[in-house]
1. Only residues that are in contact (Cβ under 8 Å) with a residue 24 or more places away in the chain and either over 13 Å from residue 93 (Cα atoms) or open to solvent by 40 Å² or more (accessible area, probe 1.4 Å) (or both): list them for the stretch 136-153, please.
2. Show the residue pairs that are 6+ apart or on different chains and have beta-carbon atoms under 7 Å apart, the first residue being within the stretch 101-123 and closer than 18 Å to residue 137 by Cβ, the second being assigned to a loop (DSSP other than H, G, I, E, B) and among the aromatic types (Phe, Trp, Tyr).
3. Any idea which of (1) open to solvent by 40 Å² or more (accessible area, probe 1.4 Å); (2) farther than 30 Å from residue 133 by Cα; (3) in contact with a helix residue (DSSP H, G or I) (Cβ under 8 Å, 6 or more places away or on another chain) is the one residue 12 doesn't satisfy?
4. Quick check on residue 114: is it open to solvent by 60 Å² or more (accessible area, probe 1.4 Å), more than 30 Å from residue 15 (Cα to Cα), outside any loop (DSSP other than H, G, I, E, B) and of a type in the set (Val, Ile, Thr)?
5. Could you list, in sequence order, the residues of the stretch 20-41 that are within 25 Å of residue 60 (Cβ to Cβ), in contact with a helix residue (DSSP H, G or I) (Cβ under 7 Å, 6 or more places away or on another chain) and exposed (fewer than 15 other Cβ atoms within 10 Å of the Cβ)?
Amino acid sequence: MTPPLPLRLHLMIAFLVAVAGALAGAVLGVALSGHLLSLAFAGAGGLGAGTWALLSRRQIVGFFEELLRPAREVPRPADGEGEALADNLVAGLCMYQAAVFPLEPGGVSSAEITARRTVAYRLSAYEGLPRRIRVSAAAALEAIDQGQDEAEAAQAMSDLGLAVYDHRNSR
């Protein structure tokens, strides 16, 4: 059975560090005195470097495990980041609602409505949001997309705001 890749990488690094320490000790021993001192320095350098490499095993293996983690694993956002994502979602959907139900008829162009709709859909589809907030956002988008009943859209936006508030307080 072969050991996992991070462990093999650590063993290779430990071997190279020990060999480099032994070579450095040998060169230093030859430069200072002669062949006998060179052997002693090589042994001490190799032993010291090898000991350091083995003692740092946990950090090196952890580094390589993190480095080699699959890219498709989406990390959960931190508490503050999740709240910011939810707040941005609510703001984006409010902008879309304001474009669909303007204060003055004809006050918003169709290009602006399309742009705000695109942003709202992109914000609501982000994987870092909790499922309950994404479901509430989908309901709000459906109510706004119908564009007929402003009260229904306002109620859906209110439900979204409550879902964000409940999620914030559940942590």
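The values are calculated or read from the model by the stated rules, or taken from the named source; none is laboratory data. Everything numeric in this text was worked out from a predicted model, so none of it was measured. Positions of Cβ are backbone-derived with ideal geometry, glycine not excepted, and every protein chain shown enters the neighbour counts. The area values use the complete protein model at the heavy-atom level, side chains included, leaving out ligands, DNA and RNA. Shrake-Rupley method; radii C 1.70, N 1.55, O 1.52, S 1.80 Å.
1. 145, 147, 150
2. none
3. The single condition residue 12 does not satisfy is (3).
4. Yes; evaluated as a whole, the condition is true for this residue.
5. Selection gives 20 alone.
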